[in-house]
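> Got a structure here, written out as C-alpha cells. Questions coming.
The values are calculated or read from the model by the stated rules, or taken from the named source; none is laboratory data. Computed from a prediction, not measured in an experiment: that's the story for all the values here. Virtual Cβ from ideal backbone geometry, glycine too; neighbours counted across all protein chains shown.
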Amino acid sequence: MTHSSLPLNWRKYPERYLLRGNYCENCRTAFFPARVVCPNCRRKALLKEKEMPRTGRIISFTEVFVGPMGFEHETPYFLAIIELENKARILSQIVDSKKEAIKIGTKVKKVFRKISDIDKEGAIAYGYKFKVVG
Amino acid sequence: MRSVSIIGVGCTKFGEHWDKSFRELIAEAGMKAIEDSGIEGKDIQAIYGGTMASGRFIGQEHIGALIADQLGLTPIPATRVEAACASGGVALRTAYLAIKSGEYNIVAVGGIEKMTEVAIEEASFALGGAGDQETELFHGATFPALYALLARVHMKEFGTTEEQMALCSVQAHRNGMNNPNAQFHREISVEDVMNSGYISSPLKLLDCSPITDGAAALILCESKKAKKISDKAVEIVASAQASDSLGLTGRKSLLELAATRIAAKEAYKQAGISAKDVDFAEVHDCFSIAEILAIEDLGFFKKGEGGKAVEKGKIQLNAEVSVNPSGGLKMGHPVGATGIKQAAEAFEQLNGLAGKRQVKKAEIGLTHNVGGSGATCVVHLYKRL
C-alpha cells in the first residue's frame with residue numbers, strides 16, 4: 001500500500017502526530033499540511049513551521065457506509081471537513097461522539113488514534129482523528 | 001486561425017464487459033470512429049488516449065503505444081493523457097491543440113477504462129487517487145464521501161434536498177432508456193433512489209455513477225480539410241480547461257467547483273456566446289450533487305438554484321436546456337472514456353442522429369468533464385461546421 005509505506009509513515013510523523021503544518025508570515029496564512037510554496041506570496045513568502053491548534057468546527061460531514069480498501073471493517077464511520085481556529089482546514093474522521101452531535105458548526109478537538117494497519121510491511125499508521133467537545 | 005472539427009465517433013457499449021479486454025474495447029471504439037469518419041487508418045498522424053488508472057485496474061501502463069499497436073497504427077506518435085476522471089476531456093483538448101498548432105491535420109483521440117477486473121474496494125481505492133492521497137484517502141475518504149461533503153454544504157446553504165438530488169438520477173435513467181450504449185435500461189422513481197441505501201450520507205447508491213468498462217474514440221480534423229472529407233463535421237468552437245486544489249480542504253468555497261466556473265467562462269468567451277445560447281449539455285454528473293453544481297457553475301442557473309431548476313423540470317430533454325440527453329455518467333462512467341463519450345454524444349446530437357433522445361433544434365452543444373472533486377475541469381463547445 002503506497003499510502004502507508006514505511007518511509008511515508010516515518011516522514012509524516014510530525015504532521016500526523018503533532019498537526020505540524022506551516023505559516024506564511026508575509027500573508028499570515030496557516031497551511032496544513034505544510035506547503036513548500038505559499039500560493040498567495042510565492043517567492044515573497046516567509047514560511048515557518050507551526051503546529052496547528054487542536055480545536056476547530058465542523059464545516060461539513062458525511063457518514064461513510066462503503067469504505068475503500070483498508071477501511072472495509074471500519075464502516076460506518078464519520079468524516080468531516082474541520083476548520084481549525086487559525087482557519088486552516090483539515091479532513092478527518094470524527095470518533096467517540098454521539099451521532100446527533102455531529103453537525104455543521106459543532107466544536108471538535110483532536111485525538112490520537114490508529115488510522116490503518118493494512119501495510120504489507122507491518123507498519124501501523126497512526127494519526128489524528130477528531131471528537132466532539134463536551 | 002485554424003479550427004478543429006470532429007469527423008467521426010465510435011463508442012463501445014458501456015457496462016460490465018467480462019468477455020472483453022482493455023485492448024479489445026479500445027480497438028473496437030477506435031475502428032468504429034475511423035469507419036465513421038470515412039478516412040483511412042494511414043491518414044491519422046497522431047494518437048492521444050485518455051485513461052485514469054489502467055495500472056491499478058489491469059496492471060497495464062504505456063497506453064499510448066498499446067492503442068497504436070492494437071489499431072495497427074504504429075509508428076505514429078501515441079501519447080497517454082491522464083487527469084483522473086477528466087482524462088478523456090483533457091486528451092480531447094490535447095488533440096485539439098495539436099491540430100490547432102498546425103503540427104497535425106488528422107488526429108485520433110480515445111478514452112478508456114476497464115474497471116470490473118478488480119473488487120469494488122480496490123476500484124474505490126484506485127478512484128480515490130483522483131483526490132488527495134495523503135490528506136483524504138489516507139483517512140478513509142472515498143469519492144462518494146468527498147461529493148457528500150460538497151452536498152451537505154449545498155443543502156445547508158441553499159436548502160437543496162435529497163429529493164431534488166434523487167430527481168437528477170430519475171431523469172438520467174429516463175434519458176438512458178433511449179441510449180443503446182447505456183449501462184442500464186430501467187426507469188427509476190424518486191422513492192427508488194431514496195430507498196437505495198446510503199453509500200456516504202446524504203448520497204445514496206442511486207445518486208452515484210456505476211463502475212463501468214467502456215471505450216470511446218473520435219477522429220479530429222483541421223476544419224477546411226474536414227469540410228472536404230465529411231458532411232457530418234462538427235466544429236469544436238471552444239476548448240477551455242482549469243485547475244484547482246487537489247483536495248477539498250484547499251478550496252476557497254465548497255459551494256461550487258471553481259474550475260468549472262472558470263473553464264466555462266473562458267469557453268463562452270472563445271465562442272462569443274453565453275450560457276443561454278447552449279441547447280444541450282453533457283455534464284459530469286458522477287454524483288447527483290455534481291449535476292446540480294454543474295448546471296450552476298456552467299451558468300445555466302444562478303448559484304443555489306440548481307436543485308429547484310431540477311425540480312421544475314428545467315433540465316429535462318427539450319426543456320430550458322437539455323442536460324445529459326445520453327443519460328450522463330449514471331448510464332456508465334468508465335472514467336477515462338467519459339470525456340470522449342460526451343463529445344461523441346455532442347457529435348450525434350448536432351447531426352440529428354440521436355434517435356429518440358434527439359434534442360430539438362440542437363445547434364450549440366457543451367461538454368463538461370471533471371477530474372477528481374473538481375481539481376481539473378474541461379469544457380468544450382460544439383457547432384455544426
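> Can you run down the residue pairs with Cβ atoms below 7 Å, 6 or more apart or on separate chains, where the first is in the range B:366-385 and crowded, with 24+ Cβ neighbours inside 10 Å and the partner is among the aromatic types (F, W, Y)?
These pairs meet every condition: B:S373/B:Y147.
> Being of a type in the set (V, I, T) and surrounded by fewer than 24 Cβ atoms within 10 Å (Cβ to Cβ) is the filter here; which residues of the range B:127-157 pass it?
Of all residues in the range B:127-157, those of a type in the set (V, I, T) come to B:135, B:142, B:153.
Residues satisfying the conditions are B:T135, B:V153.
> Can you work out which of the residues in the range B:129-142 that are touching a Phe, Trp or Tyr at 6+ places or on another chain (Cβ under 8 Å) and within 22 Å of B:E291 (Cβ to Cβ) is farthest from the other protein chains (Cβ to nearest Cβ)?
B:A130
> Being in a loop (DSSP other than H, G, I, E, B), within 14 Å of another protein chain (Cβ to nearest Cβ), crowded, with 20+ Cβ neighbours inside 10 Å and not charged (D, E, K, R): is that true of B:L255 here?
Spelling it out, it is not the case that B:L255 is in a loop (DSSP other than H, G, I, E, B), within 14 Å of another protein chain (Cβ to nearest Cβ), crowded, with 20+ Cβ neighbours inside 10 Å and not charged (D, E, K, R).
> Could you figure out which of (1) in the same structural domain as B:R357 (by TED's automatic domain parsing); (2) out of contact with any helix residue (DSSP H, G or I) (no Cβ under 6 Å at 6 or more places or on another chain); (3) more than 28 Å from B:E348 (Cβ to Cβ) isn't true of B:M177?
Looking at each condition in turn, B:M177 falls short on (3).
> Would you tally the residues in the range A:107-134 being surrounded by fewer than 18 Cβ atoms within 10 Å (Cβ to Cβ), assigned to a loop (DSSP other than H, G, I, E, B) and touching a strand residue (DSSP E or B) at 6+ places or on another chain (Cβ under 8 Å)?
Going through the range A:107-134 one residue at a time, the tally reaches 4.
> What is the one condition in (1) part of a helix (DSSP H, G or I); (2) outside the structural domain of B:G111 (by TED's automatic domain parsing); (3) under 25 Å from B:I26 (Cβ atoms) that B:Q241 does not satisfy?
Going through the list (1) part of a helix (DSSP H, G or I); (2) outside the structural domain of B:G111 (by TED's automatic domain parsing); (3) under 25 Å from B:I26 (Cβ atoms), B:Q241 breaks only (1).
> Between a first residue in the range B:72-101 that is in contact (Cβ under 8 Å) with a residue 40 or more places away in the chain and a second residue that is surrounded by fewer than 20 Cβ atoms within 10 Å (Cβ to Cβ) and small (G, A, S), which pairs have beta carbons less than 8 Å apart while being 6 or more apart in sequence or on different chains?
Filtered contacts from the range B:72-101: B:A84/B:G129; B:K100/B:S3.
> A follow-up question, please. Here is a check on your reading of the model: is A:L84 within 24 Å of A:S5 (Cα to Cα), within 14 Å of chain B (Cβ to nearest Cβ), of a type outside the set (D, E, K, R) and surrounded by 13 or more Cβ atoms within 10 Å (Cβ to Cβ)?
No: the conditions fail for A:L84.
> Could you run through the range A:49-81 and say how many residues are farther than 30 Å from B:E122 by Cα and either surrounded by 23 or more Cβ atoms within 10 Å (Cβ to Cβ) or touching a Cys at 6+ places or on another chain (Cβ under 9 Å) (or both)?
Total meeting the criteria: 2.
> Within the range A:60-77, which residues are at pLDDT 95 or above and either in contact with a Ser or Thr (Cβ under 7 Å, 6 or more places away or on another chain) or facing chain B (nearest Cβ under 7 Å) (or both)?
Scanning the range A:60-77 gives A:S60, A:F61, A:T62, A:E63, A:V64, A:F65, A:Y77.
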